[in-house]
Amino acid sequence: MNQKSPIPVLKRMAGFLHFIFTCIALLGIGFMYLNTNYGRGLDWLQNETFEQSPDFNKKVQSDITSIFDYLKYQEIFETNGDVDYNKVVLQVTSGPGGDMTYTLNDIILYGKSLGYYLDESDNYELKGIPENQSEEEETQYYVQWRCYQSEDELTGPDQSFATLPELTYEILSRFSSYYSIYSRLMSDFTNFYFRVAYYSKNSAIYEILTNAPEMTVDDMMAMGKYIYYAGDSSDLAVRTNFDSTFPSIPALMAQNNPYNSNQNYVVVGLDTSYKANDDYAQEFAAYNSSRKSFTTGLYLAAIGLAGCFFTFIFLTYASGHQSFSDPAITLYPFDRIRTDIMLLLMLFATYLGAVLAAPLLSRLLHLVVSSNYWDRANRVIMFGVVYLCVILTFFSLLRRYKAETLWKNSFLYEMMESLSERSFKYRLTLGYILYLSANVFAITLGAFFILNHEGALRSIPFLLAVIVWVLGNLMVFHYLYSNAVQTERIHEAIERLASGETNYKVELSQFSHLEARLAEGLNRISDGLQTALAEQVKSERLKADLITNVSHDIKTPLTSIINYIDLIKREHPEDPTIQKYLEVLDQKSQRLKTLTEDLVEASRASSGNIKLEMANIDIVELVQQTTGEFEDKYALRHLELVNTLPNEVILIEADGRRLWRVLENLYNNAFKYALESTRVYVGVEDHGPEVTFSIKNISASPLNISPDELTERFVRGDSSRTTEGSGLGLSIARDLTTLQGGKFQIIIDGDLFKAEVTFPIKN
């Protein structure tokens, strides 16, 4: 026996079961959807009874209102408890001497002549459509009296005038409501019992309305559900075991009270055994039937969807395989058709199935299905045809995907492959031309179809054509968008490389064809920049080491020179010339020592070879301390320090010793180069996320140099080089600020020199 045979058999069985489960799921969803409780969730199935349902409480409230409506209708239509057809219900006049009165019987007879009737099968609803009215029937009469509305109750002039047909409709509508309430609540076949009683102050006069005169108040309250309200109750409480409190009852009792007395009560009892076949019994049966139907539908839908899911999973896994042990994918002749051609063929097949096969199958189904369900049967057939085409298309695409021929076996893939080696300009131009041509053709064809076919917008072929057109546009957009994205990524890579991020590499898998070669070239540029940068860093490190070593070699004999000068000075030579020479030697040796130290620190700062000890520092306090230390020194050149500092604490994260060196260099720079007898302005400004220290002064010499040049090594603003500066102070300040995460800036405006140091504020 062939080992490959079980899978085809199982696939056919799974396909058949998938179809059966789909039908079961649709049947269950139909049961649930055609239910009055659809959309309420599942809680009502477990926790709610008929007497707790919103519809039940709404009906009870409606019937309570109907009780008091009946009280009003009694006065209008009844005499001694019976309908009085001879009772006058309307009085109108057409002018002096033109008074006319109408009894209830007159109105009924006239209403019959107009075509009105009470439909007993529809709860005595007033129905009928009057024919064209005569000139006489369109006459406007002045209404002197309506049985349901007195003259002093008229609210507007428009209510004082009306035609006889209009008045007839108004009266018969109320007569219809009267009969409806009477048939539901006053008949012998009801589960809804009530008693309304009003008494005068001395209980001599009373009115009672009830549909169960043989029952007492206690009898009614012994029913399954009851409501009791007494007008003499001090707390206005409505006693009930209904889920609703019915707050309208006190108001209705008060509005319909014929006596100025609080001696009244209303009691309502509902027999929840539903012995009488009234509306409550019918709705109770319908509610329970709805519960069973919904539950059945829920189970069927759950079983059907679960079966559909598992069979679909199996079919998805087994599709294309002939054996559980063989990973090879078997493609049928249908699967070897070009993918795009296959999609067009299945689209056409779906259209033919919906237009030709579905109506034919529907007519055959009408032979065995009741006409009440023809519409749903047609939908089932239409869904079945479309679903069959969709499922066949899906599994064909799935087998192609498993065999890795989904994209490669298409005309579109071949076309794109032929264009992949072309330049971007060529591809974009050709693609745009094809895009415009296809759209012009589609729009022209669509316009022709719409203009020459009535109802084209609602036809299936037109809708399918629109879908294809939209999908084509989306594919073109995707192609252009993907090229634009790749171009944007290349642009981003260039920008990041240009900004100094030399180690940035682009992911080559995100690019295709020509753009992939460009991306590979950028990665090679990145590698070259990294190599060059590494060589530069190595060279700078060698320079720094050389400067450090030379400075160290100079420092040793320089220290000896300074010490010997000090020893000679202690001998107190008497010759003034010798003393002068010693003073010059002392000054120059000290200057050489400072220059050597600055040179070492400048070299370390520029190379980043400094270990920082970061801490939270109050920059305001540090500036105050620095200012205090330099005040005496500034006084030697008659320079006035002007501080503008905030009162609050502003913390930054920095190395205290290195930050002090930055401030010291800036203060010394101002001392050396500021114009004598001027002011030096020092300030700290809080800019929210950042704080800025600034120092500005008027230069003693013209500043014919750019700010960038001033921060270069061995460059001074005083070109005469008569000052004692080494030309390294600003360079050291800049490098130390940058190492600590701050920003250093110099601003020159004429002879005004300004230096700014900015740090982020520590929260």
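The numbers here are math on the coordinates, done by the rules we state, and not lab data. These figures come from a predicted structure and were not determined experimentally. Reconstructed Cβ throughout: ideal geometry from the backbone, glycine too, with neighbour counts over all protein chains shown.
Just add up the charged neighbours of Asn191: K/R +1, D/E -1, any other residue whose Cβ is under 14 Å from the Cβ of Asn191.
Net of charged neighbours comes to -4.
Can you list which of the trypsin sites (Lys or Arg not before Pro) found in the stretch 266-307 are DSSP loop residues with at most 15 other C-beta atoms within 10 Å?
The qualifying sites are Lys275.
Under 15 Å from the Cβ of Ser248, count the other residues' Cβ atoms, weight Lys and Arg +1, Asp and Glu -1, and hand me the total.
So the environment of Ser248 carries a net charge of 0.
What relative contact order, as a whole-number percentage, does the stretch 610-760 give when Cα pairs under 8 Å and 6 or more residues apart are counted?
Normalised by residue count, the contact order of the stretch 610-760 is 23 percent.
Exceeding 24 Å between C-alpha atoms, which entries from my cross-link table qualify? They are Lys611/Lys633; Lys672/Lys696; Lys505/Lys743; Lys569/Lys633.
Lys611/Lys633; Lys505/Lys743; Lys569/Lys633
Take the cross-link list Lys11/Lys292; Lys72/Lys201; Lys11/Lys402; Lys225/Lys275; Lys59/Lys275 and give me the ones stretching past 24 Å between alpha-carbons.
Lys11/Lys292
Which FRET efficiency value, to the nearest 0.05, is calculated for Ile443 and Leu42 with the Förster distance at 51 angstrom and r the Cβ-Cβ distance?
Between Ile443 and Leu42 the formula returns 0.55.
Sum up the charges of everything whose Cβ sits under 12 Å from the Cβ of Thr210, counting Lys and Arg as +1 and Asp and Glu as -1, but leave Thr210 out.
Every neighbour counted, the sum reads -2.
Just flag the chymotrypsin sites (Phe, Trp or Tyr not before Pro) in the stretch 616-698 sitting in loop per DSSP whose Cβ has no more than 16 other Cβ atoms within 10 Å.
Sites meeting the loop and neighbour criteria: none at all.
Just subtract the alpha-carbon distance of Ser706 and Tyr332 from 0.36 nm times their residue separation and send over the number in nm, one decimal.
Fully extending the segment from Ser706 to Tyr332 adds 126.7 nm.
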